[in-house]
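Following: one structure in structure tokens, then a few remarks.
The values are calculated or read from the model by the stated rules, or taken from the named source; none is laboratory data. Not measured: the values here are computed from a predicted model. Heads up, the Cβs are rebuilt from the backbone with ideal geometry, glycines too, and the neighbour counts pull from every protein chain shown. For the accessible areas, the whole protein counts, side chains as well, though only heavy atoms, and no ligand, DNA or RNA atoms are used. Shrake-Rupley method; radii C 1.70, N 1.55, O 1.52, S 1.80 Å.
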Amino acid sequence: MLSENISNVLKRISHAAMQAGRSPDEVRLVAVTKTVSIEKIQEAVDAGLRIFGENRVQEALPKIEHFRSHENIRWHMIGTLQKNKARKAVENFDIIESVDSLELTEKIDASAGEIGKLQDIFVEVKLGDEPTKHGVFPQSVEELVSRIGGMKHVRLCGLMTVPPYGDTPEDVRPYFRKLREMRDGLLAKGYEVKGLSMGMSHDFEVAVEEGATEVRIGTEIFGRRA
Ligand SMILES: *Cc1c(COP(=O)(O)O)cnc(C)c1O
């Protein structure tokens, strides 16, 4: 049952937060709905969820449209965003978490300016060295963050990462810790980067222990994707 899955995930988030001496309120659940139907998303809404993550603009648009009249539902773009889809993403997503280049950020800033929006974003950081993973290399993050500080229509909310796969959640802990240390370093230099979007079905408890402010969970809520 979907509502049972959701309450289980919420319990596990709370438990992990308390384990780490954090308040469970500091952690937002982003329910990842890629490949999930509108009917299922409606069930999740009925069960109380309000924040959803999608990784492709085209797939997300009809879902966002369907729930447009429903107040308080928030959509996060969490997948790689092509520059030519920046405008559509700005028009439709409350937060774009997968910002991975200066050029993309400039496009987002320009589009947001055109429609009179302040677009919330996260910078995606690439912590492993697999060729397939997206994100900004750690050594380039501060430069991008500093450039974002000069843009008028984007607001930087934090850092996001999809770490390399680890067999156990403990294998991934060092990456989550690394992202938190990067965030803390930026905060110490006066940059307003509060959030940490990290942790998926496989490893979200460890991510919460390491300071995640949002976890992005699909499988544990909706079941395995086909
Ligand atoms: C699919 C996806 C998730 C959720 O993954 P699960 O393992 O199903 O929880 C989280 N983040 C991103 C960027 C994704 O693409």
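Averaged per residue, the range 76-217 has 44 square angstrom of accessible surface, using a 1.4 angstrom probe with ligands and nucleic acids left out.
Computing the accessible area with a 1.4 Å probe over protein heavy atoms, can you report the carbon and sulfur percentage for the range 6-56? Solvent-exposed carbon and sulfur of the range 6-56 make up 48 percent of the total. The dipole here belongs to the range 97-226: it is taken about the Cα centre, uses +1 on the Cβ of Lys and Arg and -1 on the Cβ of Asp and Glu, and is about 320 debye.
Bridgeable lysines around Lys189 (alpha carbons under 19 Å apart, same-chain partners fewer than 8 residues away excluded): Lys178. Each Lys or Arg adds one and each Asp or Glu takes one away; over the other residues whose Cβ falls under 13 Å from the Cβ of Pro163, this sums to -1. Among the lysines of the range 61-144, pairs that are 8 or more positions apart or on different chains and have alpha carbons within less than 22 Å of each other number 17. Sequentially through the range 81-88, phi angles give Karplus couplings (6.51, -1.76, 1.60; θ = phi - 60°) of 10, 6, 4, 6, 9, 4, 4, 4 Hz, Gly and Pro residues having no value and appearing as x. Here the range 90-172 exposes an accessible surface that is 49 percent carbon and sulfur, computed with a 1.4 Å probe and the other protein chains kept in place. Enumerate the amide H contacts of Trp75 below 5 Å, restricted to partners 5 or more residues apart or on another chain; note that Pro and chain-start residues carry no placed amide H. HN-HN under 5 Å from Trp75: Phe52, Asp94, Ile95.
Net charge within 14 Å of His70 by Cβ-Cβ distance, Lys/Arg positive one each and Asp/Glu negative one each, not counting His70 itself? Within the 14 Å Cβ shell, the charges total -1. Taken about its Cα centre, the range 1-138 carries a charge dipole of roughly 140 debye when the Cβ of each Lys and Arg holds +1 and the Cβ of each Asp and Glu holds -1.
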